[in-house]
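Single-structure report; data block below.
The values are calculated or read from the model by the stated rules, or taken from the named source; none is laboratory data. This is a predicted model, so every value here is computed, not measured. Note that we place each Cβ from the backbone using ideal geometry, even for glycine, and neighbour counts take in every protein chain shown.
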Amino acid sequence: MTSDLKLSALETGIDIIKSVVKTLPDKPGVYRMYNKNDDPLYIGKAKSLKKRVVSYTKTEQLPIRLQRMVAETIRMEIVTTHSEIEALLLESNLIKKLQPRYNILLKDDKSFPYVLITQDHKYARIAKHRGPQQVKGRYFGPFASNAAVDESLILLQKIFLLRNCSDSFFAARTRPCLQYHIKRCSAPCVKKITASEYNESVKQAVDFISGKSSKVQEYLAAKMHTASEDLDYETAALYRDRIAIITRLIARQRINVEGISDCDIVAIVDNSGQTCVQVFFFRHGRNFGTESFFLAHTQGATIEEKLEAFLNQFYADREPPKKVLLSHKPEEFDLIKSSCREHFGKAISWEIPRLGKKKELIDHALSNAKDAISRKVNESASMGRLFDEVATTFGLENRPSRIEIYDNSHVQGTHPYGVMVVADETGFNRKAYRKFAIKSAQPGHGGDDYAMMREVLSRRFARAEQEDWQLPELMLIDGGLGQLNAVLQVMEELEIQGVTIVGIAKGEQRNAGREKFFMPAQEPFTLEHNSPTLHFLQRLRDEAHRFAIGTHRAGRQKSMVKSKLDEIAGIGPKRKKALLHHFGSVRGISAASIHDLMVVDGINETVAKIIYSHFHD
């Protein structure tokens, strides 16, 4: 693209923006810019739409990133709001949903796990929960990782002997399970403990995870002394061991800094072309873990602008704790504070500490962010070398920026799915993964893998012009010469060029390490069994296989649930959801008595008899 063409595109973008400015009110709102493919380029908010949008016509004052955005702009959409705060909230939600190319983006955004103690069963269970909090119960968190929440669940089981099984598993027990024998459950399923005793254990667990550790220790100590006085030394020893577990945990996790019982510590670092935000989660005075977040599309932005973008996206759908400590003052700080206060309906204390213990915590978070960047840079360099070796192995002129891996999964043609896994120099790009429900398969006639792959690729490359579906330089297919030829035929029919295609087939007896690689107009070849390139290609192939099998199983399970319950008259979506939630599975529903079924919300005696008859007549 010549500089003249670039200048022409920039002038066209400026003209389009100027034409929009003429129609804009001097009101708050949100604006969106789109390119020729109707992909969102940028989403912004403004106190005054007219004043903000006109600034994009003064391109000499814009960073290079936004100059490119203006040059690609073909049209704009405008939404006015009642207030600047409303505009900020709308902007944050749209950025998270649409992921525009030129916005600063929180790349690793995800939901965090919580500990759930249910309240919809006579004997509460503890579980790890991620996602919308729709199950009735108490939620504790967020925890920074699965490992952190798993550790807490194990501790809660060891100390309070709470069940973690599904309701259907619980209902089917006739004798204690393994959890009872390894002293992680009190076996309420077979009445090894009374309901009142179990509920007291639940209450103590809630107190403990809510930060009332001293109160719980006092309770356990009293129980220990009572057992000792009754000469029940075995029980006394159990209470003693539980007290010891709590004491060790408090010593390891307790922080003695006034005012940060519930607090997020947020520190941002720019280094080596990377921007990392480190977040520590403290709840009830305990460290619930830490997580590193990397930002994308940050070129030309100040560290204050980057922190603003992070906070707006991170707290768009996560309620902040009572206090947030920051390493830097973000742009539009007052607006961020006001929007959080209005959105979550509570006052939040924001601090940028300069001295004392709080500053030490910030420094610790900054150090963790720097270490995370160092690891990422080293991993990126290592990944770059692997991509170079892959390019050499398969005769690519340059290092590939995008590798796509394809696989299918089905059982005799039933519930067939094809998947696309994407890797780039940062690793697996899970946001770019795609699954395809195969429409052409004929159940009961076996699985035609060639036809399935043909359908998947036809649907995938029909979208090649869309931004999130850009062409890869390299495609890996799970299969041998037959699969390769089927793919080549599809690519020729679709007139797709410039993509290197390689089939990966396991060797004799399907042993890993003896893979054969198939390429057009070449003899199959193998790589040394200890080759780093081979191990990398195996990882790519195995990830596609994992994703394909998981997708197939999820589809099969969904179909099984649908076919079994949808056959029952009078069972609509609401009742079906209530039944599955209560019993955990169709199997649990089929094993339930009429009385058990009537316990479920919305199931009266008549409906319970219909369900029971369906599974037993």
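Descriptive notes on the structure:
- Note on region 41-99: residues that are hydroxyl-bearing (S, T, Y), surrounded by fewer than 19 Cβ atoms within 10 Å (Cβ to Cβ) and farther than 21 Å from G300 by Cα amount to 3.
- Condition check for D15: acidic (D, E) and in contact with a helix residue (DSSP H, G or I) (Cβ under 7 Å, 6 or more places away or on another chain): no
- Residue pairs meeting the criteria (Cβ under 6 Å; at least 6 apart or on separate chains; first free of Cβ contacts under 8 Å to residues at least 40 places away in the same chain, in region 475-486; second part of a helix (DSSP H, G or I) and of a type outside the set (S, T, N, Q)): A486/Y450; A486/M453; A486/R454
- Looking only at residues of region 584-613 that are within 38 Å of the chain's Cα centre (by Cα) and charged (D, E, K, R), we find that the one that is surrounded by the fewest Cβ atoms within 10 Å (Cβ to Cβ) is D601.
- Any hit, region 375-394, residues being under 15 Å from M475 (Cα atoms), surrounded by fewer than 14 Cβ atoms within 10 Å (Cβ to Cβ) and in contact (Cβ under 8 Å) with a residue 40 or more places away in the chain: no
- Looking at L326, L366, just one residue is surrounded by 19 or more Cβ atoms within 10 Å (Cβ to Cβ), modelled with pLDDT of 90 or more and out of contact with any Cys (no Cβ under 8 Å at 6 or more places or on another chain), and that residue is L326.
- Counted as qualifying within region 286-361 are the strands (runs of 3 or more DSSP E) with 1 or more residues that are small (G, A, S), namely 286-296, 349-351.
- Single residue of region 239-270 satisfying the filter (more than 32 Å from the chain's Cα centre (by Cα) and at pLDDT 75 or above) that is nearest to I352 (Cα to Cα): T247
- Taking the listed residues D424, D468, the one that is modelled with pLDDT of 85 or more, more than 14 Å from Y406 (Cα to Cα), within 29 Å of the chain's Cα centre (by Cα) and among the charged types (D, E, K, R) is D424, with no other qualifying.
- Residues of region 154-193 satisfying the condition of being assigned to a helix (DSSP H, G or I) and touching a Ser or Thr at 6+ places or on another chain (Cβ under 8 Å): F160, S168, Y180, V190
- Tabulated pairs, region 4-19, first part of a helix (DSSP H, G or I), second at pLDDT below 90, C-beta under 7 angstrom, 6+ apart or interchain: L10/T59; I14/T59
- Near pairs, Cβ below 9 angstrom, 6+ apart or cross-chain, from region 25-52 (free of Cβ contacts under 8 Å to residues at least 24 places away in the same chain and more than 16 Å from I104 (Cα to Cα)) to any residue that is acidic (D, E) and surrounded by fewer than 21 Cβ atoms within 10 Å (Cβ to Cβ): S48/D26
- Output for region 310-333, where each listed residue is among the aliphatic types (A, V, I, L, M) and under 17 Å from K110 (Cβ atoms): L311, A316
- Taken over region 194-225, the criterion of being in a helix (DSSP H, G or I) and farther than 15 Å from I243 by Cα is satisfied by A195, S196, E197, Y198, N199, E200, V202, K203, V206.
- Within region 113-168, the set of residues being at pLDDT below 85, within 26 Å of V599 (Cβ to Cβ) and buried (at least 18 other Cβ atoms within 10 Å of the Cβ) comprises D167, S168.
- The C-beta contact set for region 530-551 (first residue within 16 Å of D478 (Cα to Cα), second residue part of a helix (DSSP H, G or I) and acidic (D, E), distance under 8 angstrom, 6+ apart or interchain) comprises F536/E389.
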